Structures are given as C-alpha cells and as structure tokens.
Amino acid sequence: MDEAEFDRFADEYHRQHAESIRSSGEQPEFFHRYKISDVAAELGGNVTPPRRILDFGGGIGNSLPYMREAFPGSEIVLLDPSAKSLSIAEERYPAAARFQQFDGQVIPFPDNHFDAAFAACVFHHIPEELQVPLLREIRRVLAPGGDLFIFEHNPYNPLTVQAVRNCPFDENAVLIKAGLMQKRLRAAGLEKQKTVFRLFFPHMLRKLRFLEAHLRWLPLGAQYYIRASAN
C-alpha cells in the first residue's frame, strides 16, 4: 500500500470517482451509503452493536458519515497509509473517528482489539503478495467472533470493468474474482464466509432494484462483499 500513490489522488478522489461511474447514473455517495447499509443489516441480528470498528483503507473518509449514523455508539478507527488522505478525512469529519496512519503492513493495534472491520474496494489496490499478510493482520486485531466485511468490484461485470478502466486512481488496480478473495481469506484463517453480489441495475433501471434480494447469489453484480468471521 503505497502512501505516495494515494497521496497523489487524495485531492481529486471524489471528482475522479464521479466521472468514472457516470454510466451508472449514480453519485459516489450512493455507493458509500449502500455498503454501510448492508453491513448494518448484516449485524442487525447481533445482541449488541460493535464497540470498536476498523475502517481499513478508509482514505478520505467517504464511508465515515454513514458508519457514524449506523453505529452512533461505536468507536471508529479510520486506518490508511496516506497521511494526506487522513488529513482530508479529518477536515471533513472532525471528531467522527480516530484517524490513524500506518505503514501498509502492520496494523498498530493489539490483538483482538476490534469487533468489526470494513474494507471498501481497497484490496484491488494492494499487490497480490501483500493481501494475505494484511488479511492475517486484520484477523489478528479482530476479537473472537468479530466480522470482516470486504467489498470489491466484480471483474465479471462489464460496466464495472469500464468504470475501473476510466478511473485515474485505479490505473494500477487488479480486480479480484470473488472465488479468489474467498481463497485468500481462508489462507488468512478466516474460514467462515458469506458472499453476496450487489448492484445489478443502474439508475435508469432502479425500479427493478427490488429484484436484487433474489439475485444476490448471481456472480454478475457490479460489486460483491464477503463477510468473514474470526473464530
């Protein structure tokens, strides 16, 4: 996870993201919001909400307002290698989280510290050889029974591939098939998994989105997420 690379795009992230997803008919906020809504729905059956949440690779804090709304009593740590991104995030949402830089390899928190972890389209930016070690790090800081939610772009969706190709900050991205991400999670010791495919209909077909509840098994959605639990 290269600090300089992420620093380079921090100021222009929102504009470039909006340009790259224009064909979807949605603004970036739509994508940030739905992810946290899905996480909140998944955790809705828990007796108590997570006390501590790790936003891994949280960048300029795009998920933070929705996370704070969904989990008002939780302590949130936004972790990122880019000091510039963290500075922008803190300026946008002061006091909403702890803004923590790290070296891209070792998460600076003790074992079993977090009840949940969240990574929104982060791992396709991480070199393949670093992914399992970082997943092991996330598992290390997750408490027993804690959950990791990984959202990623689906390389089987043509609109997703087009959006990534058109996005400057995705110039070095390597999209990850869901099956491969499952394998890497297992290699990191996260055996218990649930995979869900999302975003089948662009804005112009939004009236059909009620069908998504029946399509989440179909590996053609624009994105997918995996919920992996620490034993």
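Just so it is clear, none of the values below were taken in a lab; they were calculated from the coordinates. Only a predicted model underlies this, so the values are computations on that prediction, with no experimental measurement involved. Here the Cβ is made from the backbone with ideal geometry for all residues, glycine too, and neighbour counts use every protein chain on show.
Annotations
- Length gained when the stretch residue 192-residue 95 is fully extended (0.36 nm per residue, less Cα-Cα span): 31.5 nm
- The tail of the calculated P(r) for the chain, taken as Cα-Cα distances beyond 27 Å, holds 28 percent of the pairs.
- Helix-only [θ]222 nm of the chain, DSSP H runs n ≥ 4, -39500 (n - 2.57) each, per residue, nearest 500: -10000 deg cm²/dmol
- Ranking 200, 143, 158 by how far each Cα lies toward the positive end of the dipole of segment 3-229 (charges on Cβ) leaves 200 at the top.
- Residues 129, 137, 171 in ascending order of nearby Cβ atoms (within 10 Å, fewest first): 129, 171, 137.
- A simple packing score, the average count of other Cβ atoms within 10 Å per residue, orders the peptides 80-89, 100-109 as 80-89, 100-109, with the highest score first.
- Take each peptide in 145-155, 195-205, 114-124, count the other Cβ atoms within 10 Å of every residue, and average; sorted highest first, the result is 114-124, 145-155, 195-205.
- Remark: relative contact order (segment 3-229) = 20 percent; criterion is Cα-Cα distance under 8 angstrom and separation of 6 or more residues.
- Virtual spin-label span in nm between residue 40 and residue 106, 7 Å along Cα→Cβ: 3.7 nm
- Couplings for segment 195-202, taken from phi via the Karplus curve 6.51 cos²θ - 1.76 cosθ + 1.60 with θ = phi - 60°, read 10, 10, 9, 9, 6, 8, 10, x Hz in order; Gly and Pro are left as x.
- Residues of type lysines that residue 35 reaches as a straight line, Cα spacing below 17 Å, ignoring anything fewer than 8 places off in the same chain: 194
- Antiparallel content of DSSP bridges confined to the chain, in %, to 5: 45 percent
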